[in-house]
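My structure is below; once you've seen it, I'll send some questions.
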Amino acid sequence: DAAKAKLANGWENKRVRRTAMALLVVALVGGSVGAYFALRARATPNYLADDLDDVLDYTLLSADFNKLPLDQRLKLMKDMIARLKGMDSGDSAMMAAFAAGLSGKAIEQARENMEILAVDLWDDFALKYRDVPKTDRESYLDASFLEFTKMMEDVSGFTDNKSEADRLADAKKQARRDMERGPAPGAMQADRANGLMKMVQDRGQKVSSPEQRGRMGKFTRDMARNLRGQDIDSGQAKDTPPAVDPGK
């Protein structure tokens, strides 16, 4: 009771009351400012000029990277690869330190960022595929395969000097070989695309919506059938005669 009476008397003191209210305001404002800086989106770094560790951190370890439009993410990835290919000794040492400092959670975030990029890219093709007339689907799938592999080369720093006709012919040959007797030795362009398609189906499950999975599933199936020389709708070889209804 004595403690309560002392506290009440203290609160009646104007100076004590004003001090307490001021501290409360500071705490509330400070908390709001802290929440603002914790929740606000990070500014996208200059991928060609800012510190490389900032670029790597933003690209691989920040969820803000995933909120950028797909075209912008692809361009930034291409810029980052160009930066990495031109690293000097100082950048190389920093890169090694950055990689060495990644924990299990950070590695998972980096993997997730790249998986989201692959899913969003594949889904972009699938979205456009829905509006393609049936007579144009094969040509769209061929063009999509070529565009997809070139984009992957852009963001990976790998360059294949084959012509588009040779790329497509090799991909279809590899796809038919895979269907008939399993993967052949000597990874080629088709292997990289098929591997990424498989990743989108398997690992991409957790970073994609049900709507995306539905679109991508059909697009991936039709892409595989087209590469194998199968009919897109039935999955039968194109030279296989249609089944005859015994009742006719």
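Can you list the HN-Hα couplings for the range 116-123, worked out from phi with the Karplus curve (6.51, -1.76, 1.60; θ = phi - 60°), rounded to whole Hz and with x for Gly and Pro?
After applying 6.51 cos²θ - 1.76 cosθ + 1.60, I find 5, 4, 5, 5, 5, 5, 5, 5 Hz.
Sticking with this one: Give me the net charge for the shell around E164: Cβ to Cβ below 14 angstrom, other residues only, Lys and Arg +1, Asp and Glu -1.
Summing Lys/Arg as +1 and Asp/Glu as -1 gives -2.
Multiply the residue separation of D88 and K67 by 0.36 nm, subtract the distance between their alpha-carbon atoms, and state the gained length in nm to one decimal.
4.5 nm
So, one more: By how many nm would the segment from D136 to K105 lengthen if fully extended, with 0.36 nm per residue of separation less the alpha-carbon distance?
Details: separation 31, 0.36 × 31 = 11.16 nm, distance 4.43 nm.
Result: 6.7 nm gained on full extension.
Another question, if that's okay. Note down the nm distance, to one decimal, between modelled labels 7 Å out along Cα→Cβ at A143 and at E211.
The modelled label-to-label distance comes out at 2.5 nm.
What's the magnitude of the charge dipole for the range 136-182 around its Cα centre, counting Lys and Arg as +1 and Asp and Glu as -1 at the beta-carbon? Answer in Debye, nearest 20.
Values: 9 positive and 12 negative charges, 57 e Å.
Here the range 136-182 has a charge dipole of around 280 debye.
For the pair T44 and S234, what calculated FRET efficiency results from E = 1/(1 + (r/R0)^6), where r is the Cβ-Cβ distance and R0 = 45 Å, to the nearest 0.05?
Rounded to the nearest 0.05, the efficiency is 0.45.
None of the figures in this text is laboratory data; all of them are computed from the coordinates on show. As the structure is a prediction and not an experimental result, all values here were calculated from the model. A quick note on method: Cβ atoms are made from the backbone with ideal geometry, for glycine too, and the neighbour counts reach across all protein chains shown.
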